[in-house]
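Engineer: I am attaching a structure below and will ask some questions about it afterwards.
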Amino acid sequence: MNTFSIAIHGGAGTLVKGMMTPELEAQYKLALQRALDTGYALLKGGKTAVEAVEETVKVLEDSPLFNAGKGSVFTATETHEMDASIMDGKTLNAGGVSLITGIKNPVSLARDVMEKSEHVFLAGEGAMQFAKELNYKLEDATYFYDELRHKQWLEIKDTDSFQLDHAKKKDSKFGTVGAVACDQDGNIAAATSTGGMTNKKWGRVGDSPMIGAGNYANNKTCAISCTGSGEFFIRGVVAYDVACLIEHKNMSLQDASNEVIHKRILEIGGDGGLIAVDTKGNIAMPFNTEGMYRGQKSSNGIDEVSIYK
Ligand code: ASP
């Protein structure tokens, strides 16, 4: 049997160390562990990597602690616009959605795009129409309301600024979520979900739903989920870049991930991190920010969640 493993992130925009209380830290770690255990149990039960990353991301989307699903940040018009994607490394099938509202689990809609449509990427009204045709139940705004997140928006709402979780802001506590997994058959998959940036406008879309930028999976190389300054991750085609270094330069998963996060993305001005897995179940989780909510669990005995370096 192949070594099976799962890695998760809850964003690279952690609270700066001085602001993290032991209680909050415990809450974050508990939420991360719950997600990790969910995915691991599925892999252990013989489910596919695709199944595992979807269910794991759903657990993170349902937590108000992270900037995805329930915990999504506010846009400039006080709404929520969410983005998500998923990719199957065995088939190279992929699905992405952006600018969707009212959907409890955007990652599931992304999977439905992958499996129930002829397309890869649906956005805005069209994506909502697709959800409606599949009888998705829509949550109202109160489901997504979080007092802290609203306060964060009120602070910048009439300005031109938008707030990335990764900005060096004292209370930047929210983060995009993602999962990558390798199953018992050695197939890999990646999923990513986000509420984007606080006070975003004009239909801004980040890297998270874009295949190759914030999310990628290919059994030939690796499965990747990113978190960071989306505009830079798009320009750097980060997730695919890691795969290219492995495929064309013969680099290890760890070296390729480090090269992109500690060198290439920094050179163009981006910050953030990624989680990566290969078909042998190896995991890499580099980040160039102060912390990244993250966890990894593997059939070879690794089981840990961490926040800072
Ligand atoms: N990459 C996400 C975006 O730009 C943000 C994040 O990772 O927190 O939408």
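The values are calculated or read from the model by the stated rules, or taken from the named source; none is laboratory data. Predicted model only: the values in this text are computed from it and were never measured. FYI the Cβ positions are ideal-geometry reconstructions off the backbone, even for glycines, and counts take in every protein chain you see.
Engineer: Can you pull out every residue in the range 227-249 that is of a type in the set (Val, Ile, Thr) and more than 7 Å from the ligand (Cβ to nearest atom)? Spell out the reasoning first.
Structural biologist: Filtering the range 227-249 down to residues of a type in the set (Val, Ile, Thr) leaves 227, 234, 237-238, 242, 246.
If the condition is that a residue be of a type in the set (Val, Ile, Thr) and more than 7 Å from the ligand (Cβ to nearest atom), then ILE234, VAL237, VAL238, VAL242, ILE246 are the ones that fit.
Engineer: Starting from residues that are more than 13 Å from the ligand (Cβ to nearest atom) and among the basic types (Lys, Arg), keep the ones in the range 192-221 and report whichever is modelled with the lowest pLDDT.
Structural biologist: Within the range 192-221, the subset more than 13 Å from the ligand (Cβ to nearest atom) is 201-202, 211-212, 216-221.
Checking which are among the basic types (Lys, Arg) leaves us with 201, 220.
Working: LYS201: 89, LYS220: 98.
Among those that are more than 13 Å from the ligand (Cβ to nearest atom) and among the basic types (Lys, Arg), it is LYS201.
Engineer: Moving on to the next point. I'm told THR38 meets every condition in (1) over 14 Å from THR192 (Cβ atoms); (2) touching a helix residue (DSSP H, G or I) at 6+ places or on another chain (Cβ under 7 Å); (3) polar (S, T, N, Q); (4) within 16 Å of the ligand (Cβ to nearest atom) except one. Can you identify the failing condition by its number?
Structural biologist: (4)
Engineer: State all residues of the range 16-47 that are in contact with a strand residue (DSSP E or B) (Cβ under 7 Å, 6 or more places away or on another chain), crowded, with 18+ Cβ neighbours inside 10 Å and either farther than 23 Å from ARG149 by Cα or of a type outside the set (Gly, Ala, Ser) (or both); if no residue qualifies, say none. Working first, answer last.
Structural biologist: Looking only at the range 16-47, we keep the residues that are in contact with a strand residue (DSSP E or B) (Cβ under 7 Å, 6 or more places away or on another chain), and these are 17, 25, 28-29, 32-33, 35-36, 39-40, 43.
Checking which are crowded, with 18+ Cβ neighbours inside 10 Å leaves us with 28, 32, 35-36, 39-40, 43.
Once the filter is applied, which keeps residues that are in contact with a strand residue (DSSP E or B) (Cβ under 7 Å, 6 or more places away or on another chain), crowded, with 18+ Cβ neighbours inside 10 Å and either farther than 23 Å from ARG149 by Cα or of a type outside the set (Gly, Ala, Ser) (or both), the range 16-47 yields TYR28, LEU32, LEU36, GLY39, TYR40, LEU43.
Engineer: If you check SER63 against the conditions, is it at pLDDT below 95 and touching a helix residue (DSSP H, G or I) at 6+ places or on another chain (Cβ under 7 Å)? Full working, then the answer.
Structural biologist: On the way: at pLDDT below 95: no; touching a helix residue (DSSP H, G or I) at 6+ places or on another chain (Cβ under 7 Å): yes.
In short, no.
Engineer: Okay, moving on. Given GLY102, GLY46, GLY95, which one is on the phi > 0 side of the Ramachandran plot, at pLDDT 95 or above, within 19 Å of the chain's Cα centre (by Cα) and of a type in the set (Gly, Ala, Ser)? First the steps, then the outcome.
Structural biologist: On the way: GLY46 fails: within 19 Å of the chain's Cα centre (by Cα); GLY95 fails: on the phi > 0 side of the Ramachandran plot.
Matching residue, one of GLY102, GLY46, GLY95: GLY102.
Engineer: Going by the conditions given, is ILE246 in contact (Cβ under 8 Å) with a residue 24 or more places away in the chain, in a helix (DSSP H, G or I) and farther than 18 Å from GLU290 by Cα? Give the steps one after another, and end with the answer.
Structural biologist: On the way: in contact (Cβ under 8 Å) with a residue 24 or more places away in the chain: yes; in a helix (DSSP H, G or I): yes; farther than 18 Å from GLU290 by Cα: yes.
For ILE246, the condition - in contact (Cβ under 8 Å) with a residue 24 or more places away in the chain, in a helix (DSSP H, G or I) and farther than 18 Å from GLU290 by Cα - is met.
Engineer: Mind telling me which of the residues GLY301, GLY228 ends up being at positive phi, touching a Ser or Thr at 6+ places or on another chain (Cβ under 9 Å) and either in contact (Cβ under 8 Å) with a residue 24 or more places away in the chain or not β-branched (Val, Ile, Thr) (or both)?
Structural biologist: The match here is GLY228.
Engineer: Now for a different question. With the structure loaded, tell me whether LEU274 is part of a helix (DSSP H, G or I), crowded, with 21+ Cβ neighbours inside 10 Å and not aromatic (Phe, Trp, Tyr) or whether it fails that test. Walk me through how you get there before you give the answer.
Structural biologist: On the way: part of a helix (DSSP H, G or I): no; crowded, with 21+ Cβ neighbours inside 10 Å: yes; not aromatic (Phe, Trp, Tyr): yes.
So LEU274 fails the test.
Engineer: Taking only pairs six or more apart or across chains, which ones have beta-carbon atoms under 6 Å, a first residue in the range 21-41 that is in contact (Cβ under 8 Å) with a residue 24 or more places away in the chain, and a second residue that is part of a helix (DSSP H, G or I)?
Structural biologist: Within 6 Å, the pairs are ARG34/VAL59; ALA35/THR56; ALA35/VAL59; ALA35/LEU60; GLY39/ALA52; GLY39/THR56.
Engineer: Is it the case, given these coordinates, that LEU266 is aliphatic (A, V, I, L, M) and free of Cβ contacts under 8 Å to residues at least 40 places away in the same chain? Don't jump to the end; show me each part of the working.
Structural biologist: Numbers: aliphatic (A, V, I, L, M): yes; free of Cβ contacts under 8 Å to residues at least 40 places away in the same chain: yes.
Here the answer is yes, as LEU266 does meet what is asked.
Engineer: Any idea which residue in the range 93-148 is surrounded by the most Cβ atoms within 10 Å (Cβ to Cβ), counting only those that are of a type in the set (Val, Ile, Thr) and more than 30 Å from LYS220 (Cα to Cα)? Walk me through it before giving the result.
Structural biologist: So the first thing to find is which residues in the range 93-148 are of a type in the set (Val, Ile, Thr), and the list is 97, 100-101, 103, 107, 113, 120, 142.
Narrowing further to those that are more than 30 Å from LYS220 (Cα to Cα): 100-101, 103, 142.
Working: ILE100: 26, THR101: 20, ILE103: 23, THR142: 6.
So the residue we want is ILE100.
Engineer: Please state which one of VAL53, VAL113, VAL73 is in contact (Cβ under 8 Å) with a residue 24 or more places away in the chain and assigned to a helix (DSSP H, G or I).
Structural biologist: Working: VAL113 fails: in contact (Cβ under 8 Å) with a residue 24 or more places away in the chain; VAL73 fails: assigned to a helix (DSSP H, G or I).
That would be VAL53, the only listed residue that is in contact (Cβ under 8 Å) with a residue 24 or more places away in the chain and assigned to a helix (DSSP H, G or I).
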